[in-house]
Each structure stands twice: as C-alpha cells, then as structure tokens.
Amino acid sequence: MDSIFIQIVAYRDLELVPTVEEAIAHATHPERLTFGICWQYGTDEEKDYISKLKGIKSCRIIVVTASQARGVGWARSLVQKLWQKEKYTLQIDAHMRFLPGWDVELIKMLKMCPSEKPLLSTYPPAYKPPRELVGDTPSRLEASKFGDPGTLTLRGIGDLSKCSTPQLGAFVAAGFIFAEGSIIEEVPYDPDIYFTGEEVLFAAKAWTRGWDIYHPNLSVCWHFYNTGKKRVVHWEDHKDWWVQNKVSESRFRQILGMETTTENFGIYGLGNIRSLTEYEALAGVSFKERWFISFI
C-alpha cells in the first residue's frame, strides 16, 4: 500500500491543527496517511490545543514543553522515531495548505524521476491564514548567499509549471521533502543542528548517500512564511539560543569541509557513495571558497 508518513514539528504553532485537517481532507486516500508530530507548547492553553488531534487515530504525537525544546534538528529527530516503515514520507512544516489530490500527485511525480532514489523538494508558494493562497508557481532552488558564519542560504526562482516532469536540482527545502520512507534511516536528522544550514546540510548528506534531488513541476502545497500575523519562533523564547546555534554552525562548516574536523560525525556526516566535490560541481558552489554560481 502507498502509505505516507507525514513528519511535522510544531513550536507553539496554532496552524498545526488546520494543517493536519486539510492534509486529510484534501488527500485522495486519507486512510493511507499517518502523522508523526512533535508538539512543543508554552502555555496551558497551548498544551490543550493538541487534544484536537488526539481523536485522529493516524496521529502519533510527542508532547514537550517549549522550555525543553532544543531546535529544529532535535525535534525532527524525535519525529523520525515515530516512523513505522510506511512506504513514503513527507516532511513538512506545521503551517501548510494542500491541493486536492496532493498525495496521488506526489507519488506520480516521484515515479517520473529517472533515479533509483529520488526525492522531491522546493519552497512551496505562500498562503495567508486561514487559506488565502498566494500563487501556485512551482520553482527550483538555488544558492542565495553565504552568511558571516559560512552557512549558505537558498532562494526559490523560476517557473517549472511548463515542464512535463520534475526537474533535477541540488538543494532541498526542509519544509517540504517527499521521498521513500527509507530516507529516514539513510539520512537521519542530526539533533545538534539548531536551524541555520539545515537545508543545505540535508541536501549534501542525501546526495552523497545516493539520493537525487528533483523539484516538482506542480505545486501541491502552500506554506505560511510568517508574514502579517506572526507565529512564535524558538529563538524568541530562548535567550541562550545562540549557544546551540554556534554548535550547529560549526557542524555545518566541518561537515562541508570549510574548517578542520574535530570529530567523527558518523551517521550525521556525509555519505560515501558520491563525494562532496561531486556535489559541489552539481550545485555550482565551493563551500571552502564560499562562492556559488547562479544558474538563472
């Protein structure tokens, strides 16, 4: 059966429930969906908020206080422990809206990709709560800039809607990744990655382990980019967030060859099927020299 394990981390995010409800309502086969959720709450009211999902049998939920939360990599690593060998997995944020039939369309596009181990990813178009969809253009991802700590940020660019199939790429958006479920075992999330560099690191790790990255030619979901009515983010609650972030940025630089490695990163490091040098050639970047090529 084409079951889909949907990974969601939610930090005090009151868009979570409508995200889950819409994913179910707009799926062609809602009975094939399961959800792995890490709910991080800050108030008693937020703690009770998750009760709205407890009646849905397909939801597996980890509940922690916001004070315990240690960043996105930590939360995603907890969610991955809830996977029960579902055939596919969809990693999303807790603030999404969906195209009717999104589940069938994702599987169809994944099967179009000429690779033994494909994954689909991009920055989805935006929505404004409760459900004002802002465009539907599927885009590709490319490098945007190297920041002072050396981490690379990305941007969505172009229009792939006229393409008949998903297009080969080099980068992923952490808020939308679709692949076979085995990617959870092969490219597990590093709990010490706080936030910065998450996407580029995941792409390099996956690619060097033999996973090929494709950008969808159809938009199947929309993302709330925290404009207008704001949602709370981790670093607003945690004054010492920068301590974790410094560790995270150092891991980014070491794993990607930008500074001397001080430890063996093991399963959280690069793979050995393809090299970092080959990945840099595909992506048009040099991590050590901190330059990149814009393809559009």
Hey, PRO124 in contact with a Leu (Cβ under 8 Å, 6 or more places away or on another chain), in a loop (DSSP other than H, G, I, E, B) and either open to solvent by less than 40 Å² (accessible area, probe 1.4 Å) or modelled with pLDDT of 95 or more (or both) or not: no
One residue from ILE177, ILE193, ILE184 being at pLDDT 95 or above, in a strand (DSSP E or B) and either surrounded by fewer than 22 Cβ atoms within 10 Å (Cβ to Cβ) or on the phi < 0 side of the Ramachandran plot (or both): ILE177
Enumeration of residues in region 196-224 that are among the β-branched types (Val, Ile, Thr) and either assigned to a loop (DSSP other than H, G, I, E, B) or under 14 Å from the mean Cα position of the chain (by Cα) (or both): THR196, VAL200, ILE213, VAL220
Hits in region 225-249 (condition: under 28 Å from LEU90 (Cα atoms), open to solvent by less than 90 Å² (accessible area, probe 1.4 Å), out of contact with any strand residue (DSSP E or B) (no Cβ under 9 Å at 6 or more places or on another chain) and assigned to a helix (DSSP H, G or I)): TRP241, GLN244, ASN245, VAL247, SER248, GLU249
Pairs, first exposed (fewer than 15 other Cβ atoms within 10 Å of the Cβ) in region 60-83, second among the hydroxyl-bearing types (Ser, Thr, Tyr), C-beta under 9 Å, six or more apart: VAL63/TYR41; THR65/TYR41
Odd one out for ILE56 among (1) over 26 Å from LEU201 (Cα atoms); (2) modelled with pLDDT of 95 or more; (3) part of a loop (DSSP other than H, G, I, E, B): (2)
Criterion violated by PRO114 - all others in (1) surrounded by fewer than 18 Cβ atoms within 10 Å (Cβ to Cβ); (2) under 17 Å from the mean Cα position of the chain (by Cα) satisfied: (2)
Candidates VAL79, VAL17 - the one that is touching a helix residue (DSSP H, G or I) at 6+ places or on another chain (Cβ under 6 Å) and in a helix (DSSP H, G or I): VAL17
Any hit, region 139-147, residues being touching a residue at least 24 places away in the same chain (Cβ under 8 Å), more than 15 Å from VAL172 (Cα to Cα) and surrounded by fewer than 20 Cβ atoms within 10 Å (Cβ to Cβ): yes
Scope region 86-101; condition open to solvent by less than 50 Å² (accessible area, probe 1.4 Å) and either under 21 Å from ARG76 (Cβ atoms) or in contact with a Phe, Trp or Tyr (Cβ under 8 Å, 6 or more places away or on another chain) (or both); matching residues: GLU86, TYR88, THR89, LEU90, GLN91, ILE92, ASP93, ALA94, HIS95, MET96, ARG97, PHE98
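The values are calculated or read from the model by the stated rules, or taken from the named source; none is laboratory data. The structure presented is a predicted model; accordingly, all values stated were derived computationally and were not measured. With ideal geometry, Cβ positions are generated from the backbone for all residues, glycine too; neighbour counts draw on all protein chains shown. All accessible areas refer to the heavy atoms of the entire protein, side chains included, with ligands and DNA or RNA removed. Shrake-Rupley method; radii C 1.70, N 1.55, O 1.52, S 1.80 Å.
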